[in-house]
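Contents: one structure, followed by commentary.
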Amino acid sequence: MFDYIWLVPVFPAIGVLINGLLGRRIEAVSKHLIHWIACGMIALSFTVTCVIFYQLLQLPGDQRFYQVTCLDWIQSGVLQTYIAYQIDPLSMMMAMFVIGIGFLIHIYSIGYMWEDEGRYYRFFVYLNLFMFSMINLILANNYLLMFLGWEGVGLCSYLLIGFWFDDEANAIAGKKAFITNRVGDFAFLIGMFLLFTGLGEHGVWSLQFSEVFTHVHYLSQSQATMICLLFFIGCTAKSAQIPLYVWLPDAMAGPTPVSALIHAATMVTSGVYMISRSNVLFSMSPFAMGVVATVGALTAIFAASIGLVQNDIKKVLAYSTVSQLGYMFLGLGVGAFAAGMFHVLTHAFFKALLFLGSGAVIHSMHHAYHKVHCHDDPQDMRNMGGLKAKTPITFWTFLIATLAISGIPGFSGFFSKDEILWQAWSSPQGSWILWLIGAVAAGMTAFYMFRLVFMTFFNECRAGEACEHIHESPPSMTGPLCVLAFLAAVGGYLGVPHALGGSNLFHQFLEPVMGLGDGKLLHDATQAASHGVEHAAQAAGHLMHAAAGHVAEAAGHAAEGAEHGGESMFMEYLLMVVSVALACFGILIAYIFYIRKREIPAALAEKYSFIHRLLLNKWYVDELYDLVIISPLRGFAYFLWRGVDVGVVDYIVNGVARVVGWGSSVVRYIQSGYVQSYAVSVVFGTVVLLAYYFLKAL
Amino acid sequence: MLEFVVPALNLKAILPQLILALTALTVLLVDVFAGKDGKTSLGGLSLIGVVAALVTLFLSRGDFESAYAGMLAVDGFGFFITLIICLVALLSILVAISYEKVCPEIRSGEFYSLLLFAAFGMSFMGSASNLIMIFVALETMSISIYVLAGFKRDNLKSIESALKYFLLGAFASGFLLFGFALIYGAAGTLDIVKLGSFFTAHPDLLHQPLVMGGVALMTVGFGFKIAMFPFHMWTPDVYEGAPSVVTGFMATGVKAAAFAALVRVFFVAFAALQTDWTTIMWIAALLTMTVGNLIAISQTNIKRMLAYSSIAHAGYLLIGFVVGSEIARSAILFYLLGYAFANIGAFAVISAMGSKGEEYNELSDFQGVGFKYPMLGLTMSIFLFSMAGIPPAAGFMGKFFIFSEAIKAGYVWLAIFGVINSVISLYYYLGVIVRMYFKDPEREISIAAPAGTLVAALSLAAFGVLQMGIFPSYVWDLARASAKMLM
């Protein structure tokens, strides 16, 4: 079945072609047919993925690697690129949850977009196109095909953010996302060029992952750092990290299923995936890893701080996404690639659920407002309240997701977040500062998420007369909510840490991919540490065997691990308790502020109005960018237009045009239409040729 | 006693061409015996013949031989040219069937059989290995085309076009034949392979006036057919007047065939002279593309515009000729095929732009077409993008191969001029697209809904353009293998 992996991207592509070319006609006949085609294609794709995933599991761990070359793509000189896919634990893990969640969100969209007349088919075309691109990004076995997917998802993101483009604000948000991403894409591209030429100097002209990672030691330290940093800039745009995160909150202008699918669960995590995929490369550059960890931690707390005071339900979720992505990068940066990917997985479940839940809320609010012809903002939490009784399914599923993201023990978010925090503390590249930042951000996350829940679902309804019209959403929307709620609740049990008596299946599964580089060394070292003294010697032996170049360092870690073995087990429990306590504290505060004494937030906002305004206006980052980058750029563009283009280029072009015009009139004299003059021209040419060749003959 | 060797009748070597010729004859016969209704089947019949020729072409591929006492070279190069010609004929016939609505005259046996005979001649030009054979093939092709160009008998422009092409063509053929004669006088043979070995064996005889004059005159003759500056003057008038479908056919087929003969004669017979012709062909390439592009800008008739554009393309192809390496010759083959798809496609769209007896060939007629006739607008855009050399179309890859090979061989300036010219050409290619999508129509034009065959032709051409642009490897490998086998 492995050889049929190409079916996975092909099915969505077929959906794009059918609905894209004939959608308008199909929609005129039957709207149902549109979503049957779109969802059916994803279902087929998912089925194939499941079968391949199952077969992959049947193989022993060290044989879980397979490449399928489908087509020659570009063959030019030393550049040999193929449309080729790679089947390994990492790619299949991503494919499973991306396509699975994608399928749920396709189903959800049926209910959410049903009333969008005339554009229904277009929405599904874009969604299918997104799935096609995302699958290529994930399954690619080389950087170039990955980049194709990378660009494709960017395009779909743009198209879907501006889906309701008749409102100019949406169109602008789309442009912002696209342009910000271009900055990152450019860096990614340059990084790819450097990698290609860097390895090419040593005769390895390839962008194929397996080739690159086996020859990566040819790169010098500085080359690796440069490439990693450029790749990471690409990630900061795609995965919304400082400084290029600004587009993601605005991207919420798109329909909510889009926010859930693209801007929470899948596309924004592609940066994390890319770094995990390149873990061998990143392991070569401790500096780049440090940058990744630092940026991740800062983003986590920075975005969380903005989330504290936002009133738009989707904006809160957007900042929480940015913050959670920060966690993932923190994990990657300290060398815990598997932990980062684990958080990608659990985050996909609970964040998709949160967005879909918020979508259900907005859908209900919108309908209620529509009924009473009120034009208030259906996304503003200040207009909500008391939805618990009116939309019970939405509420309970939403609550599960909130518990998960807050890191309450037992729910999926707890396991992944806690693992990252522990690695941030204990890994050789971690430090207590990174842990502290992460833990505080976790507390803030619990606070703003429960603030959201309390404002939306508790207390009295603040929507005025629209209140009695608020109803639960259709089954096509609540169905996916329930499935995701189940996953958000239990998804974490895939990776129960050793400290809690689990066997961490998730890590074992990803081991063959993450074990290629230093990541393995660090991982082994820390694992040895938590297991205690007896494993240390074994790990050290393993390490020496794994990479001769890193022996000294790795053995050092192992020895350290052996020394602190028993101690660190205690530390892990202690840190776990502290972070859970912080989360509970956050929830408690939210409870006091938004249920018990609801006058406190306003009083606080007044008292510390400076800070409140700073947070409410998102630290004025947009304004800062406008001042520092956009305005000067616009001024320069104006200069280019009036000064260079009109003044110089047009002048030259007009001048040339005049000369050409004059020339044309001369030529026209020859091009008279008379055969005789044409013959003269032939004779003239003949004479010149004869003269030339006779001169040569002399 | 003079020994006379009867050449073996090697039918297999010429099977595709034979099928073309037999189909042409069959079409003529059917036309005579079938009634008025039977005439509608002529196009379909021709189509079957061309497809059969294509199939046999692929089936008989791989034989590498010299047939008919050295008259024909059955080699990869000839294979590729025949492939281009058959595809061109196929697309032209598809377009012609739908063009019957606009121009009823062409619904006749003469039209289709002449078209097939022309293809027959073109194909032999690609594999002829003897100067006399080249001349015969060239005349078979040219005479058919002269008649085809004037096929709209009651249209003055069409007749003018045919007459002009005939007069000047005959004039140029004279030069070509005289060139052949001089070469024969110098070397005593007309066999291209033998000429090659003769001049390698006698380098001292190379630079005598007889040879040099012959080469110069041959350049004139071939230069005329490929529309090289300054022998290009006939192109706009002929392209404009000829029925659109014929224009598409000759803009691609004649150019491919003539280029094939030019490459074979110069690189097989006169390879030893390569250093001598480089300079003059360098200048010719530069002038050809520059003149073509600059004058194309000021055209208001789309057929004239594409005529000048085809001159410019001859210039790009000449860059490949100047470079002359094996890869450059592959690039020429690749470029010719990509150009054929795009150009026939564009003329197919133009031929669709008309109703009975009336054609809309002014650039202003294309205003608003993009939205009114989405299929025509979209495919036309693809073809124009390809001609302009914008990825992901075939034209981009073609230019890429030619220019990159030019740079590798040290012709950096020629490549730079080529790129500058591509930029200039963007202006008029994109101008059409701008008109199609961003301007409102000036006058009401009503055209018939595209017939099935036209849709098939447009789809096939667009598919070819995109296939070669996105996945160039298949055709490129084929072109590489073909150029390697040049006898």
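The values are calculated or read from the model by the stated rules, or taken from the named source; none is laboratory data. Given the structure is predicted, the values throughout are model-derived calculations rather than measurements. All Cβ positions, glycine included, derive from the backbone under ideal geometry; neighbour counts span all protein chains shown. Protein only, heavy atoms only, side chains kept; ligands, DNA and RNA dropped before computing areas. Shrake-Rupley method; radii C 1.70, N 1.55, O 1.52, S 1.80 Å.
Here are a few things to note about the model shown:
- Helices (runs of 4 or more DSSP H) enclosed by the range A:337-446 - at least 2 residues per element that are in contact with a helix residue (DSSP H, G or I) (Cβ under 6 Å, 6 or more places away or on another chain), more than 30 Å from A:Phe509 (Cα to Cα) and modelled with pLDDT under 90: A:337-371, A:387-390
- Scanning the range B:345-392 for residues that are under 26 Å from B:His313 (Cα atoms) and in a loop (DSSP other than H, G, I, E, B) yields B:Met353, B:Tyr360, B:Asn361, B:Gln367, B:Gly389, B:Ile390, B:Pro391, B:Pro392.
- Any hit, the range B:303-313, residues being modelled with pLDDT under 90, within 11 Å of chain A (Cβ to nearest Cβ) and either touching a His at 6+ places or on another chain (Cβ under 6 Å) or open to solvent by 10 Å² or more (accessible area, probe 1.4 Å) (or both): no
- Selection within the range A:143-168 - open to solvent by less than 10 Å² (accessible area, probe 1.4 Å) and touching a Ser or Thr at 6+ places or on another chain (Cβ under 8 Å): A:Leu145, A:Gly149, A:Trp150, A:Val153, A:Cys156
- Criterion: part of a helix (DSSP H, G or I), within 8 Å of chain A (Cβ to nearest Cβ), open to solvent by less than 50 Å² (accessible area, probe 1.4 Å) and not basic (Lys, Arg) - qualifying residue of B:Gly196, B:Gly223, B:Gly214: B:Gly223
- Test set (1) in contact with a helix residue (DSSP H, G or I) (Cβ under 6 Å, 6 or more places away or on another chain); (2) open to solvent by 20 Å² or more (accessible area, probe 1.4 Å); (3) within 14 Å of chain A (Cβ to nearest Cβ) - B:Leu168 fails condition number: (2)
- Within the range A:210-238, residues that are farther than 17 Å from A:Met274 by Cβ sit with their Cβ atoms under 6 Å from residues that are open to solvent by 40 Å² or more (accessible area, probe 1.4 Å) and at pLDDT below 90, at 6+ positions apart or across chains, in these pairs: A:Tyr218/A:His202.
- Selection within the range B:467-487: residues that are assigned to a helix (DSSP H, G or I), more than 13 Å from every other protein chain (Cβ to nearest Cβ) and open to solvent by less than 60 Å² (accessible area, probe 1.4 Å). The member of this set that is nearest to B:Phe267 (Cα to Cα) is B:Ala483.
- Any hit, the range B:286-294, residues being away from every other protein chain (no Cβ under 14 Å) and open to solvent by less than 20 Å² (accessible area, probe 1.4 Å): yes
- Any pair with Cβ under 8 angstrom, 6 or more apart, that starts in the range A:40-62 at a residue that is more than 25 Å from A:His106 (Cβ to Cβ) and in contact (Cβ under 8 Å) with a residue 60 or more places away in the chain and ends at one that is surrounded by fewer than 15 Cβ atoms within 10 Å (Cβ to Cβ) and not acidic (Asp, Glu): A:Gly61/A:Gln508
- Residue ID - surrounded by the fewest Cβ atoms within 10 Å (Cβ to Cβ), chosen from residues in the range A:273-321 that are in contact with a His (Cβ under 8 Å, 6 or more places away or on another chain) and part of a helix (DSSP H, G or I): A:Ala318
- Enumeration of residues in the range A:16-60 that are more than 14 Å from chain B (Cβ to nearest Cβ), over 28 Å from the mean Cα position of the chain (by Cα) and in a helix (DSSP H, G or I): A:Ile26, A:Glu27, A:Ala28, A:Val29, A:Lys31, A:His32, A:Leu33, A:Gln58
- One residue from A:Phe458, A:Phe414 being among the aromatic types (Phe, Trp, Tyr) and out of contact with any Phe, Trp or Tyr (no Cβ under 9 Å at 6 or more places or on another chain): A:Phe414
- Residues being open to solvent by less than 50 Å² (accessible area, probe 1.4 Å), in contact with a Lys or Arg (Cβ under 7 Å, 6 or more places away or on another chain) and either within 20 Å of A:Ile74 (Cα to Cα) or more than 14 Å from chain A (Cβ to nearest Cβ) (or both) are entirely absent from the range B:394-405.
- Candidate set from the range A:672-687 (those that are more than 7 Å from every other protein chain (Cβ to nearest Cβ) and assigned to a helix (DSSP H, G or I)); member that is nearest to B:Ala162 (Cα to Cα): A:Gln676
- Evaluating B:Thr189 against the criteria (1) free of Cβ contacts under 8 Å to residues at least 12 places away in the same chain; (2) open to solvent by 40 Å² or more (accessible area, probe 1.4 Å); (3) touching a helix residue (DSSP H, G or I) at 6+ places or on another chain (Cβ under 7 Å) leaves one unmet condition, (2).
- Candidate set: the range B:226-263, residues that are aromatic (Phe, Trp, Tyr) and in a helix (DSSP H, G or I); chosen: the one farthest from the other protein chains (Cβ to nearest Cβ): B:Phe249
- Residue match in the range B:154-165 (condition: within 14 Å of chain A (Cβ to nearest Cβ), aromatic (Phe, Trp, Tyr) and over 16 Å from B:Val27 (Cα atoms)): yes
- Residues of the range B:445-454 that turn out to be out of contact with any helix residue (DSSP H, G or I) (no Cβ under 7 Å at 6 or more places or on another chain) and either within 14 Å of another protein chain (Cβ to nearest Cβ) or in a helix (DSSP H, G or I) (or both), as a count: 1
- Residue in the range B:417-427 that is within 14 Å of chain A (Cβ to nearest Cβ), touching a residue at least 24 places away in the same chain (Cβ under 8 Å) and open to solvent by less than 10 Å² (accessible area, probe 1.4 Å) present: yes
- Residue count for the range B:208-262, restricted to those that are hydroxyl-bearing (Ser, Thr, Tyr) and more than 27 Å from B:Lys157 (Cβ to Cβ): 1
- Test for B:Ile390: is it more than 14 Å from every other protein chain (Cβ to nearest Cβ), among the aliphatic types (A, V, I, L, M), free of Cβ contacts under 8 Å to residues at least 60 places away in the same chain and open to solvent by 60 Å² or more (accessible area, probe 1.4 Å): no
- Filtering B:Ile382, B:Ile327, B:Ile350 for residues that are within 23 Å of B:Leu454 (Cβ to Cβ), β-branched (Val, Ile, Thr), open to solvent by 10 Å² or more (accessible area, probe 1.4 Å) and under 21 Å from the mean Cα position of the chain (by Cα) leaves a single hit, B:Ile382.
- Of the helices (runs of 4 or more DSSP H) lying entirely inside the range B:7-122, the ones with 3 or more residues being open to solvent by 40 Å² or more (accessible area, probe 1.4 Å) and more than 30 Å from B:Thr189 (Cα to Cα) are found at B:15-33, B:41-59.
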